């Protein structure tokens, strides 16, 4: 059974022709750095995010003799990053809509974040709260 891979640009929607793959480009003499693309086996739902680097191989006279490519599957890293982004967005949405005042500081007392209700309750704008270190509330 032959498996067909379908390739897409990083947007995951626009089909990428095989002629644009890093190995094919390296076989044409081009060096390729960190080309990201999506590979989908047999148009299945599971998608692999791949990062490719490729170099042409030339002999001592500069004649093209082949190419080498390194492929890294970064699917899990992309998923983990997206989960973190989604979690941060959800936390920020909770802070922004909560009826309580939220103030986030670092270990030195520098105010890092300030909810809209903190502005209303304490009378300082978000930008004012960040301009002073160790402001006591």
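So the values come out like this:
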item	result
Cross-chain or 6+ apart pairs with Cβ under 8 Å, segment 59-86 first and over 19 Å from residue 33 (Cα atoms), then in a loop (DSSP other than H, G, I, E, B)	65/59
Conditions (1) exposed (fewer than 12 other Cβ atoms within 10 Å of the Cβ); (2) part of a loop (DSSP other than H, G, I, E, B); (3) in contact with a strand residue (DSSP E or B) (Cβ under 9 Å, 6 or more places away or on another chain); number of the one not met by residue 100	(3)
Set 3, 47: member being exposed (fewer than 10 other Cβ atoms within 10 Å of the Cβ), in contact with a strand residue (DSSP E or B) (Cβ under 6 Å, 6 or more places away or on another chain) and modelled with pLDDT under 90	3
Sole exception among (1) surrounded by 11 or more Cβ atoms within 10 Å (Cβ to Cβ); (2) in the same structural domain as residue 114 (by TED's automatic domain parsing); (3) within 24 Å of the chain's Cα centre (by Cα) for residue 95, by number	(3)
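Listed here are the residues, each with its yes/no results for (1) more than 30 Å from residue 124 (Cβ to Cβ); (2) within 20 Å of the chain's Cα centre (by Cα); (3) modelled with pLDDT of 90 or more; (4) loosely packed, with under 15 Cβ neighbours inside 10 Å.
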{"residue": "27", "(1), (2), (3), (4)": "yes, no, yes, no"}
{"residue": "35", "(1), (2), (3), (4)": "yes, yes, yes, no"}
{"residue": "41", "(1), (2), (3), (4)": "yes, no, no, yes"}
{"residue": "57", "(1), (2), (3), (4)": "yes, no, yes, yes"}
{"residue": "64", "(1), (2), (3), (4)": "yes, no, yes, yes"}
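The values are calculated or read from the model by the stated rules, or taken from the named source; none is laboratory data. Only a predicted model underlies this, so the values are computations on that prediction, with no experimental measurement involved. Glycine also receives a Cβ, built like all others from the backbone with ideal geometry; neighbour counts cover every protein chain displayed.
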